[in-house]
Structures are given as structure tokens and as C-alpha cells.
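To start, the structure under review is shown below, and the notes come after it.
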Amino acid sequence: MIYTKKDNLKRYLGYSENLDTAIHFLENTDLNAIPQGKVVVDREEVFLNHFGYHTVAEKDASWEGHIEYADIHVLLSGNEKIGVSDRSELTETSRDEKNDFVGYEGAVKVWCPMDETKVLIVFPEDVHMVKVHDPETADVDKLVLKIKVR
């Protein structure tokens with residue numbers, strides 16, 4: 001997991017080609033001009049999903065993990081907190097390999113408060129609970145870049 005300010009993203013260049021592609025995209029693109037839905041950056045190696053939602057209470061949120069992709073969470077507006085736990089500390093409840101999704105249950109180990117200034121990068125071992133309000137319900141406009149790591 002990498003949790004940092006957007007201004008620090010360049011520091012993580014050089015770790016992988018796909019991560020570099022995603023960071024360059026974030027640094028050189030007008031993020032507010034990206035249309036809703038899926039946008040391909042580099043084939044299926046790097047793409048993003050742009051969507052919005054209302055945050056919810058922790059009891060109404062759910063875990064998600066991935067098999068082949070890391071996620072970069074970037075908020076364009078609003079705020080939320082994202083819970084993160086290592087997959088070894090949770091119980092797997094469902095698996096959909098075609099859609100690169102694994103469901104889990106268990107306790108949150110770390111909370112990452114998110115707003116327009118922060119970035120959270122989670123890898124396949126970093127199961128995450130998104131959309132949790134912090135502290136009250138908010139409308140969120142968000143990008144999630146998907147980076148193939150396997």
C-alpha cells in the first residue's frame with residue numbers, strides 16, 4: 001500500500017512500467033475532463049474507471065480485493081475513508097476471477113482518510129473497503145486507475 005499526497009506521486013516512478021504509465025497519466029492529464037465510465041490508458045495494462053457515489057456507514061460498506069490489478073484511488077471531489085487490511089488477516093467470501101474481484105470479511109486494520117489531495121495505491125495483498133463516510137455522508141467523484149501487476 002502507498003498512501004501519500006498527489007504531489008508525491010513522482011517519487012514512485014521506476015518501480016514498474018505500468019505504475020509509471022499511470023503516474024505519467026495522472027500528472028499530465030486534466031483529470032476533471034475525463035468522462036464517466038471506463039477509459040483505456042494502455043490496453044488492459046492500465047485503464048481507469050470514473051464514477052460517483054454517496055458514502056455510507058462502515059456497516060454498509062464491503063471489502064474488495066483483486067488478483068491481477070493494483071488500484072490507484074484518486075478523488076476529484078468529496079471525501080471518504082478507505083479501510084485497508086492484508087488479505088491474510090481476512091476471510092475470503094467470494095471470488096470472480098473474470099472480473100478480478102475477491103470479496104472478504106473481517107476487521108479494518110488501517111483507515112486512510114481521502115480527499116482531493118491524497119492518493120491511495122493498493123496492491124493485490126491490500127484488501128480495501130471503500131465508500132465509507134468520514135465523518136458524514138458525502139458525494140464523491142472518483143477515479144480508480146487499474147494497473148496490471150501479474
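The values are calculated or read from the model by the stated rules, or taken from the named source; none is laboratory data. On a predicted model such as this, the values are computed, not experimentally measured, just so you know. Every residue, glycine among them, receives a Cβ derived from its backbone with ideal geometry; neighbour counts consider all protein chains shown. Just so you know, the surface numbers come from the protein's heavy atoms only, side chains and all, with ligands and any DNA or RNA stripped out. Shrake-Rupley method; radii C 1.70, N 1.55, O 1.52, S 1.80 Å.
Report, by residue number, each residue of region 95-147 that is closer than 15 Å to Ser62 by Cα, open to solvent by less than 50 Å² (accessible area, probe 1.4 Å) and without any contact (Cβ under 8 Å) to a residue 60 or more places away in the chain.
Result: Val102, Gly103, Tyr104, Gly106, Val108.
Residues are listed down the side, and each one gets a yes or a no for (1) open to solvent by 40 Å² or more (accessible area, probe 1.4 Å); (2) closer than 15 Å to Val144 by Cβ; (3) in contact with a Gly (Cβ under 7 Å, 6 or more places away or on another chain):
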| site | (1), (2), (3) |
| --- | --- |
| Ala33 | yes, no, no |
| Val40 | yes, yes, no |
| His50 | no, yes, yes |
| His54 | yes, no, no |
| Ala57 | no, no, no |
| Gly65 | no, yes, no |
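Yes or no: region 67-76 includes at least one residue that is within 18 Å of Ile121 (Cα to Cα), open to solvent by less than 40 Å² (accessible area, probe 1.4 Å) and charged (D, E, K, R).
There is at least one residue in region 67-76 that is within 18 Å of Ile121 (Cα to Cα), open to solvent by less than 40 Å² (accessible area, probe 1.4 Å) and charged (D, E, K, R).
Would you point out the residue of region 77-94, among those that are in a strand (DSSP E or B) and open to solvent by less than 30 Å² (accessible area, probe 1.4 Å), that is farthest from Phe25 (Cα to Cα)?
That would be Ser85.
Could you count how many residues in region 104-150 are among the β-branched types (Val, Ile, Thr) and not in a strand (DSSP E or B)?
4
Only residues that are over 23 Å from Trp111 (Cα atoms) and of a type outside the set (S, T, N, Q): list them for region 1-17, please.
Lys10, Leu13, Gly14, Tyr15, Glu17
Pick from Asp20, Asp30: which is at pLDDT 95 or above, out of contact with any Lys or Arg (no Cβ under 9 Å at 6 or more places or on another chain) and closer than 28 Å to Val110 by Cβ?
Step by step, each of Asp20, Asp30 is checked, and only Asp20 is at pLDDT 95 or above, out of contact with any Lys or Arg (no Cβ under 9 Å at 6 or more places or on another chain) and closer than 28 Å to Val110 by Cβ.
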